[in-house]
Amino acid sequence: MSYQNPILAEALGWKYNHAQGICTSDGVLTAWPVSLGAQPNDAALTSVVAEYQAHLDSEAYVEARQADYIARMGGGDAFKAMGFNIDAIWQVLIDNNLAPAPNAAAQRGSPEKILDDRAKVKAAHPKP
């Protein structure tokens, strides 16, 4: 085998749930457990890495949104610890018509301002 990729170990771990016995060195597959069947060839490894890269790319917006939410909410450890839970809470309120309308003129920390910031973050960092 000649396939080499710097994220091969991460890709194989992701694809095969970090199965024991998968070994890589410098981005090259060096050992494959019998329990997983035949060792993948170069084409299969290329496919696994491409699939993993597509997964990473599809999730890239998450970190951008998180950083933007934290900045808009004034930072702070409490908001960082909540992560996207606050967004999920607002989505439930919106889905059930329990949330106020977004309002850019509202005061910081008010539900209206939070919803306005949420809408701006989602627009700035859309899901792929």
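Brief remarks follow.
- Any hit, segment 86-94, residues being more than 12 Å from the chain's Cα centre (by Cα), part of a helix (DSSP H, G or I), within 25 Å of TRP14 (Cβ to Cβ) and at pLDDT 75 or above: no
- Hey, LEU56 part of a helix (DSSP H, G or I), in contact with a Phe, Trp or Tyr (Cβ under 7 Å, 6 or more places away or on another chain), of a type outside the set (Ser, Thr, Tyr) and modelled with pLDDT of 85 or more or not: no
- Screening ALA19, ALA64, ALA38, ALA50 for residues that are assigned to a helix (DSSP H, G or I) and free of Cβ contacts under 8 Å to residues at least 60 places away in the same chain leaves exactly one candidate, ALA50.
- Counted residues, segment 22-35 - those being over 14 Å from SER2 (Cβ atoms) and either outside any loop (DSSP other than H, G, I, E, B) or open to solvent by 70 Å² or more (accessible area, probe 1.4 Å) (or both): 4
- Count - residues of segment 4-16 that are out of contact with any Gly (no Cβ under 7 Å at 6 or more places or on another chain) and part of a helix (DSSP H, G or I): 7
- Hits in segment 1-21 (condition: open to solvent by 60 Å² or more (accessible area, probe 1.4 Å) and under 26 Å from the mean Cα position of the chain (by Cα)): GLN4, PRO6, GLU10, TRP14, LYS15, TYR16, ASN17, HIS18, GLN20
The values are calculated or read from the model by the stated rules, or taken from the named source; none is laboratory data. This one's a predicted model, so the numbers in the text were calculated from it and none came from an experiment. Please note: Cβ atoms are built from the backbone with ideal geometry, for glycine as well, and neighbour counts cover all protein chains shown. Areas reflect the complete protein model, heavy atoms only, side chains present, ligands, DNA and RNA absent. Shrake-Rupley method; radii C 1.70, N 1.55, O 1.52, S 1.80 Å.
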